[in-house]
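Student: Supplied in structure tokens, the structure appears directly below.
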Amino acid sequence: MKLQVSCELRFQIETATALILMLRPLTGAQQRITKSRYAVTPSVKITESKDNYGNFRQRLLAPPGEFMVHTFAEVITTEYIDCLLGAYFVEIQNLPSPVLPFLLPSRYCESDRFGDLAREIVADARPGYDQVVKIVDWVRLTIKYIPGSSDLPLSAVEVHQHGYGVCRDLAQLAIALCRSISIPARLVVGYLYQLEPMDLHAWFEAYVGGRWYTFDATQSDLRGGRVIVAFGRDAADVSIFHQFGVGCVLNSMDVQVNLL
């Protein structure tokens with residue numbers, strides 16, 4: 001399927017502020033970018049590089065006043081998500097080196113705190129993919145998905161305590177549970193066709209059966225139509241923007257995903 005995706009951020013800035021943004025969709029990763037545009041108003045110099053995970057990262061100095069960032073892309077992506085019940089658990093000694101960071105505790109995914117709970121959840125599941133399915137089902141049925149319920153990232157421990165959260169929160173709890181039983185898992189941020197309410201979305205991938213598989217604790221049916229912008233250990237790695245200094249306020253964010 002071919003999707004047209006866009007994101008527009010409008011800031012009000014008091015003093016010149018350094019911004020690091022992550023808004024351009026990845027190339028590859030089961031998706032192909034056929035057209036893209038990246039514009040800022042007023043125009044300033046943008047320096048782009050890749051981070052340790054291959055995500056596109058943009059740096060700029062935003063001037064005082066109203067500042068707008070607009071990104072647009074046309075993307076060919078899959079309509080269906082690969083699923084493979086029974087995909088095997090990959091033993092630690094056989095994991096590829098680039099996968100290892102996604103096995104460890106991180107700032108928002110304290111996997112060292114969830115071992116007992118995770119083993120209880122997956123007690124009767126075959127090691128690997130089937131265990132992740134059990135974890136996703138448990139998170140979806142236990143933690144209420146409430147869009148807009150948290151502005152700041154919550155840790156997996158906090159989400160578990162609160163019993164509710166946004167898509168990012170549910171994904172990070174599932175990630176922590178997966179890692180606690182030695183299944184590598186990473187957070188993904190991007191676009192999802194027909195998401196309600198429309199916004200940027202977060203889900204996760206788990207490494208089983210020798211590859212990454214997609215999972216989403218907010219959806220009862222795992223749907224395609226996803227466009228990946230970035231992935232990382234948790235929200236600290238995939239934030240769409242970081243601001244440095246005071247006097248910078250995000251006034252609005254408009255996200256659009258349309259079928260072409």
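Student: Only residues that are outside any strand (DSSP E or B) and of a type outside the set (S, T, N, Q): list them for the stretch 33-77, please.
Tutor: Pro42, Val44, Lys45, Ile46, Asp51, Tyr53, Gly54, Pro63, Pro64
Student: Further question: With the structure loaded, tell me whether Val99 is of a type in the set (A, V, I, L, M, F, W, C) and either in contact (Cβ under 8 Å) with a residue 40 or more places away in the chain or not assigned by TED's automatic domain parsing to the domain that holds Met253 (or both) or whether it fails that test.
Tutor: Yes: the conditions hold for Val99.
Student: Being closer than 20 Å to Lys134 by Cβ and either loosely packed, with under 13 Cβ neighbours inside 10 Å or among the aromatic types (Phe, Trp, Tyr) (or both) is the filter here; which residues of the stretch 78-111 pass it?
Tutor: Cys83, Leu85, Gly86, Tyr88, Phe89, Glu91, Phe102
Student: Turning to a different aspect of this structure: Is it fair to say Phe56 is under 17 Å from the mean Cα position of the chain (by Cα), surrounded by 16 or more Cβ atoms within 10 Å (Cβ to Cβ) and of a type in the set (Phe, Trp, Tyr)?
Tutor: yes
Student: I've got another one for you. Does Arg10 fit the bill of being basic (Lys, Arg) and over 23 Å from Val246 (Cβ atoms)?
Tutor: no
Student: Can you name every one of the helices (runs of 4 or more DSSP H) wholly within the stretch 148-260 that holds 2 or more residues which are in the same structural domain as Asp112 (by TED's automatic domain parsing) and in contact with a helix residue (DSSP H, G or I) (Cβ under 9 Å, 6 or more places away or on another chain)?
Tutor: 156-162, 167-180
Student: Do we have Ala62 as of a type outside the set (Ser, Thr, Tyr) and touching a Gly at 6+ places or on another chain (Cβ under 9 Å) here?
Tutor: For Ala62, the condition - of a type outside the set (Ser, Thr, Tyr) and touching a Gly at 6+ places or on another chain (Cβ under 9 Å) - is not met.
Student: If we scan the stretch 171-183, do we find a residue that is within 16 Å of the chain's Cα centre (by Cα), surrounded by fewer than 24 Cβ atoms within 10 Å (Cβ to Cβ) and touching a residue at least 40 places away in the same chain (Cβ under 8 Å)?
Tutor: no
Student: Please specify each residue of the stretch 86-118 satisfying the condition of being in a loop (DSSP other than H, G, I, E, B) and in contact with a helix residue (DSSP H, G or I) (Cβ under 6 Å, 6 or more places away or on another chain).
Tutor: Answer for the stretch 86-118, where residues must be in a loop (DSSP other than H, G, I, E, B) and in contact with a helix residue (DSSP H, G or I) (Cβ under 6 Å, 6 or more places away or on another chain): Ala87, Pro105, Arg107, Tyr108, Glu110, Phe114.
Student: (1) in the same structural domain as Pro25 (by TED's automatic domain parsing); (2) assigned to a loop (DSSP other than H, G, I, E, B): which one isn't true of Cys83, the others all being true?
Tutor: Of everything listed in (1) in the same structural domain as Pro25 (by TED's automatic domain parsing); (2) assigned to a loop (DSSP other than H, G, I, E, B), Cys83 misses just condition (1).
Student: Filter the stretch 134-152 for residues that are surrounded by fewer than 20 Cβ atoms within 10 Å (Cβ to Cβ), within 18 Å of the chain's Cα centre (by Cα) and either in contact (Cβ under 8 Å) with a residue 60 or more places away in the chain or closer than 20 Å to Tyr88 by Cα (or both) and give the result.
Tutor: Residues satisfying the conditions are Arg140, Tyr145.
Student: Filter the stretch 115-124 for residues that are surrounded by 14 or more Cβ atoms within 10 Å (Cβ to Cβ) and either over 26 Å from the mean Cα position of the chain (by Cα) or within 9 Å of Ile181 (Cα to Cα) (or both) and give the result.
Tutor: Matches in the stretch 115-124: Gly115, Ala118.
Student: Can you tell me which residue within the stretch 27-42, out of those that are under 18 Å from Gln58 (Cβ atoms) and under 19 Å from the mean Cα position of the chain (by Cα), is surrounded by the fewest Cβ atoms within 10 Å (Cβ to Cβ)?
Tutor: So, considering only residues that are under 18 Å from Gln58 (Cβ atoms) and under 19 Å from the mean Cα position of the chain (by Cα), the one surrounded by the fewest Cβ atoms within 10 Å (Cβ to Cβ) is Thr27.
The values are calculated or read from the model by the stated rules, or taken from the named source; none is laboratory data. Remember, it's a predicted structure, so these values are computed and weren't measured experimentally. Don't worry about glycine lacking a Cβ; one is built from the backbone with ideal geometry, like all the others, and counts go over all protein chains shown.
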